[in-house]
Amino acid sequence: MIGTTQSQEALFIPGSLRSFLPDDHILVQVNAILDLSWLRDEVSDLYDVHGGRPSIPPENAIRLMLAGFFLGLVKDRALLREAQVNLAIRWFARYPLNQALPDHSTLSKLRTRWGAATFKRIFQRVVQQCIAAGLVSGETVHVDATLIRADVSWASVVEQHVEQVLQENPAPADPLPAAAAAPRKKRSLTDPDASLSTANKTQPMEPCYKQHTAVDDQAGIIVDVEVETGEASEGAQLLAQLSRVAEATGGLPQVITADSGYAHPTNYATLECLAIDAVIPPQRQGRRFPERLPTRRFAYDAVPQRVRCPAGQYLRLVNAHDGALTFRSTAATCRACPLRARCFAPSATVRTLHIPVGYEALLRARRRKARGWDAATRRHYRRHRWLVEGIHGEAKACHGLRRAVRRGLPQVAIQVYLTAAVINLKRLAKHAAGIGGIWARAWCLRGHQMVWGAITRGTVALILLPLSLYRDPGARVAA
């Protein structure tokens with residue numbers, strides 16, 4: 001017998017919204033571990049308690065934003081259009097079917113009122129939850145940076161002289177001299193905080209922001225995240241990030257991994273003093289002038305602070321500033337040197353060397369890499385590549401962080417903090433649900449309903465190998 005379609009809509013729906021949601025839905029799992037009870041007192045000072053129109057409840061607003069980031073809906077209009085028909089979002093954000101959703105402008109005004117500091121505390125609270133759950137060991141931390149394309153068009157990027165930029169900003173304590181050949185700087189008129197940058201020399205420069213991320217090795221939990229302009233050097237941010245990681249985890253890590261962009265002499269020297277193993281490959285020593293003697297041919301002795309050239313002559317220390325020591329030979333010594341033609345240009349009279357502070361630590365790192373890293377060091381660096389770089393790929397592919405959705409450094413920072421909180425909440429929810437191993441780390445939101453639904457129904461049991469044959473990716477690397 002063929003059934004007939006009922007044309008009349010039901011007046012009443014039995015049961016609650018929760019009864020219509022599967023247990024393996026990510027919002028259901030996150031709701032079980034999400035704690036925002038502290039948020040109302042945190043932002044109460046930002047509201048007028050004596051008058052004004054009642055605002056959207058703070059916890060409801062954050063739940064709406066988090067639900068959007070879980071689903072990859074980072075724009076307010078798209079989120080609220082989806083919330084109109086998505087029962088999971090309504091239930092998670094605590095909006096019954098008969099209650100109107102807020103206007104998209106309400107979320108925008110709320111972010112401006114709260115500021116980036118409030119959203120950073122939300123991220124930090126999630127990190128503390130992960131630490132309490134035992135997902136953070138703090139022994140090994142992987143550090144990396146990634147670029148986020150700014151929400152501007154190329155038509156807004158103009159070229160300006162440095163003098164014009166300085167006129168539009170507060171004058172520094174030590175102003176630049178008015179040079180005749182002042183360099184030009186490109187900036188966006190719609191988002192002045194963004195700066196032109198590129199990930200490598202093969203890609204064109206774009207207006208970007210730069211996200212600095214620190215990931216704990218144990219379960220891939222983001223323990224620290226910060227946003228700067230695209231032109232900020234990631235190597236110069238390492239020590240400040242290390243301080244924030246120590247504050248979040250309660251102690252300094254034993255191992256820090258990073259790519260060659262962090263291979264600064266100061267970083268090597270500071271990590272040595274802190275007894276932290278720096279798994280950072282030194283940068284390749286370029287030969288701008290292959291026919292000349294490179295700096296590495298000059299022997300540097302840090303204790304008496306002197307440099308001996310390949311001919312056996314000593315260079316004298318003439319200056320120490322800006323984190324570097326300047327050594328210079330004498331004209332009389334270089335005039336009679338047989339290596340003079342290979343040492344410096346014909347137009348010069350002496351050889352000058354700039355030795356950065358911590359240069360001896362850089363030399364030790366170079367020798368260590370030249371001799372070959374041991375098995376433990378290679379394992380740490382392999383895990384760095386798929387852990388922290390995988391986090392960046394997950395944020396961009398699944399949670400809309402490939403491009404900023406709003407303009408200005410504070411607004412981009414809010415997007416970064418919420419994205420990091422969502423990634424950590426996914427891992428915390430899977431841990432609380434008792435799901436671990438390769439599936440918990442490889443899990444991505446866009447396919448989670450299909451994958452986890454299939455696992456819970458047991459439909460993949462016929463095609464998968466026995467569980468005894470599975471190996472955790474971390475264990476595979478360790479082997």
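Hand me the list of strands (runs of 3 or more DSSP E) wholly inside the range 305-394 holding 2 or more residues that are closer than 26 Å to residue 284 by Cα, in contact with an Asp or Glu (Cβ under 8 Å, 6 or more places away or on another chain) and without any contact (Cβ under 8 Å) to a residue 60 or more places away in the chain.
Ranges flagged: 306-308.
Residues that are surrounded by 17 or more Cβ atoms within 10 Å (Cβ to Cβ) and touching a Leu at 6+ places or on another chain (Cβ under 8 Å), at least 1 per element: which helices (runs of 4 or more DSSP H) completely within the range 20-107 meet that?
26-31, 58-70, 76-83, 87-93
Please count how many residues of the range 289-304 are β-branched (Val, Ile, Thr) and either assigned to a helix (DSSP H, G or I) or closer than 24 Å to residue 236 by Cβ (or both).
The total comes to 1.
The numbers here are math on the coordinates, done by the rules we state, and not lab data. Computed from a prediction, not measured in an experiment: that's the story for all the values here. Glycine gets a Cβ as well: all are built from the backbone with ideal geometry, and neighbour counts include every protein chain shown.
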